[in-house]
Amino acid sequence: MGKWAIAVHGGAGIDPNLPVERQEQAKQLLTRCLNLGVAALRSNVSAIDVVELVVRELETDPLFNSGRGSALTENGTVEMEASIMDGTKRRCGAVSGITTVKNPISLARLVMDKSPHSYLAFSGAEEFARKQGVETVDNEYFVTEDNVGMLKLAKEANSILFDYRVPLIGCAGAAVNDSPLQMNGLPISIYAPETVGCVVVDREGRCAAGTSTGGLMNKMMGRIGDSPLIGAGTYASELCGVSCTGEGEAIIRSTLARDVSAVMEYKGVGLQEAVDYVIKHRLDDGFAGLIAVSNKGEVVCGFNSNGMFRGCATEDGFMEVAMWE
């Protein structure tokens, strides 16, 4: 019997002027989700079940960018995506373009467990959800008043907004080209994505990972980021489980989540060294972060942005919820 460990994240890249109230709300949510996962692990719930349980909680709360409270597309609608992976046999499931499923992470789990495929998207994923009898809601359920206002600012700035809950004083009228931050060579306004994720290793040494997001505020219809891409935003093997957050295009280019496992496997190094290596050498000009656990009960958080909403706990009694470096 090994030792369990769990980590959660709510996005890498935090505005330095983020209101204290917003910071406390984030910490409270991450703490609640950690406690939920810890209680399940103490009851010997499997790693994959704990991942789904915790991510569902994050999707249900509108604070972060997943499920209810997801970022809005250029048309003012919500298109969500999620993925989940069981490292024991490297089984996985992923969905994109979700518009009515209340908890996309659970639909991703059903793709893994109940379909012959690994990835379903848009109308096909929605039809599969109906056949599986999952809970669905109108798209308006996911839309919040705050997001409607931030989409308006994004359109006025003719830009993509990442942390759409941070007041952008003066941003709407600013020239987008003044921004030093870029995505695929194009300027963006601010950098603070809020994708959610969870990684778990249970007492049997089984690793699992899951990631869920609404994507980018004012994103193009049909845009797919790293979160549902196995090997990019999510990966789990017999060695580790990894969930990423940040600049999706950079994460996709670097296959960030898979690289952590690959470095451990091919270089024979531990989890901390593997995470440090990929954050330093694989992100090029991108900004991102990740959470990871190993089959030995280790837990590591790494990022090259100014901060990351994160929390972790181990069977030894260690628990931490943090935002900054």
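The values are calculated or read from the model by the stated rules, or taken from the named source; none is laboratory data. Quick caveat, the model's predicted, so the values are computed rather than measured. Counting neighbours? That spans all protein chains shown, and the Cβs are built from the backbone with ideal geometry, glycine included. Accessible surface is based on the protein model in full, side chains and every heavy atom, while ligands, DNA and RNA are left aside. Shrake-Rupley method; radii C 1.70, N 1.55, O 1.52, S 1.80 Å.
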**Prompt:** Which one of these is out of contact with any Gly (no Cβ under 8 Å at 6 or more places or on another chain) and open to solvent by less than 40 Å² (accessible area, probe 1.4 Å): S115, S106, S43?
**Reply:** S106
**Message:** Given the condition free of Cβ contacts under 8 Å to residues at least 40 places away in the same chain, within 21 Å of G210 (Cα to Cα), surrounded by 16 or more Cβ atoms within 10 Å (Cβ to Cβ) and touching a Leu at 6+ places or on another chain (Cβ under 6 Å), answer yes or no: does some residue in segment 10-29 qualify?
**Reply:** yes
**Complete:** So the strands (runs of 3 or more DSSP E) completely within segment 197-297 holding 3 or more residues that are within 21 Å of E59 (Cα to Cα) and within 12 Å of the chain's Cα centre (by Cα) are 207-213, 240-246, 288-294
**Asked** If you go through segment 178-188 one residue at a time, do you hit one that is part of a helix (DSSP H, G or I) and either at pLDDT below 95 or not acidic (D, E) (or both)?
**Response** yes
**Message:** I'd like to verify a number: residues in segment 118-138 that are under 22 Å from G69 (Cα atoms) and open to solvent by 30 Å² or more (accessible area, probe 1.4 Å), how many?
**Reply:** 8
**Request:** Kindly indicate whether V260 is touching a residue at least 60 places away in the same chain (Cβ under 8 Å), closer than 20 Å to A12 by Cβ and not charged (D, E, K, R).
**Result:** no
**Message:** Taking the criterion of being among the hydrophobic types (A, V, I, L, M, F, W, C), surrounded by fewer than 24 Cβ atoms within 10 Å (Cβ to Cβ) and more than 18 Å from A209 (Cβ to Cβ), would at least one residue in segment 51-66 satisfy it?
**Reply:** yes
**Message:** Condition first: under 15 Å from the mean Cα position of the chain (by Cα) and in a helix (DSSP H, G or I). Now tell me which residues in segment 6-33 satisfy that.
**Reply:** A26, L29, L30, C33
**Fill in**
In the set N147, N158, the lone residue that is more than 18 Å from D61 (Cβ to Cβ), modelled with pLDDT under 95 and either open to solvent by less than 50 Å² (accessible area, probe 1.4 Å) or not hydroxyl-bearing (S, T, Y) (or both) is N158
